[in-house]
Amino acid sequence: MATLLPGETSMTRTAHRPWPSRADPFRRAPLRSPRPSGHGTTSEPPLTFREFLSTLWRRRLTIAVCIVVAVVAALAYAKVRTPQYQSTATIQENAISGTASGTPSSTVTLPDPVQELGSTAVQQRAATILGDASASSVASDVTGTVDTTTGQLLVTATDGDPARAQAVAKAYAQAYVDQIQSLVQARSTRSTPS
């Protein structure tokens, strides 16, 4: 029987166990005594392959639970998330020169394609083509980029419905072409001598 120290009760004194029981989930491997290295610092010896496998085997339940949770979460996200479809319309712009009465006039300078695609006039025209009352409801799903190699304007529409994405891309492309044609027509009319 163990003797009690002054101030201890039989409830506070427990037998010393060198290792936690197997049921303890926070079991730790024994600490190794550090070996001195050449520069006066201490470091642990490298972990052997057998020790690595032993650690994995001890933590097999935790590893299995993490894998199952990750797979279930990925499957749930894939099931819940609505797929997004993209449709791209390509517009090739060429230099436009206006003519009046058979005499060539100056070349018409076109506005920046991406800025013009985002203009209110193009958005409203596209909404009209789509039969949508609100231009802003569609505008957030449309992006425009210019291919620096070819100079083409790429109008990309994103939507959960592939047919809708295609319709939006076509409507914006048509609205952009209509807007550019009206700008060219207005500028050539202004520059025509009366």
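The values are calculated or read from the model by the stated rules, or taken from the named source; none is laboratory data. On a predicted model such as this, the values are computed, not experimentally measured, just so you know. Using ideal geometry, Cβ is built from the backbone for each residue, glycine included, and neighbour counts are taken over all protein chains shown.
What to note about this one:
- In the range 100-123, the count of residues that are at pLDDT below 80, surrounded by 10 or more Cβ atoms within 10 Å (Cβ to Cβ), in contact with a Pro (Cβ under 8 Å, 6 or more places away or on another chain) and in the same structural domain as Ile180 (by TED's automatic domain parsing) is one or more.
- Beta carbons closer than 9 Å, at least 6 apart along the sequence or on distinct chains, pair a first residue in the range 148-164 that is under 13 Å from Thr90 (Cα atoms) and touching a residue at least 60 places away in the same chain (Cβ under 8 Å) with a second that is basic (Lys, Arg) and not in a strand (DSSP E or B) for Val155/Lys170; Ala157/Arg164; Ala157/Lys170.
- Qualifying positions in the range 174-194 - touching a Gly at 6+ places or on another chain (Cβ under 9 Å), among the small types (Gly, Ala, Ser) and surrounded by 17 or more Cβ atoms within 10 Å (Cβ to Cβ): Ser188
- Qualifying residue in the range 151-173 (condition: modelled with pLDDT under 85, surrounded by 13 or more Cβ atoms within 10 Å (Cβ to Cβ) and more than 20 Å from Ala186 (Cα to Cα)): no
- Some residue of the range 61-72 being modelled with pLDDT under 95, out of contact with any Lys or Arg (no Cβ under 9 Å at 6 or more places or on another chain) and hydrophobic (A, V, I, L, M, F, W, C): no
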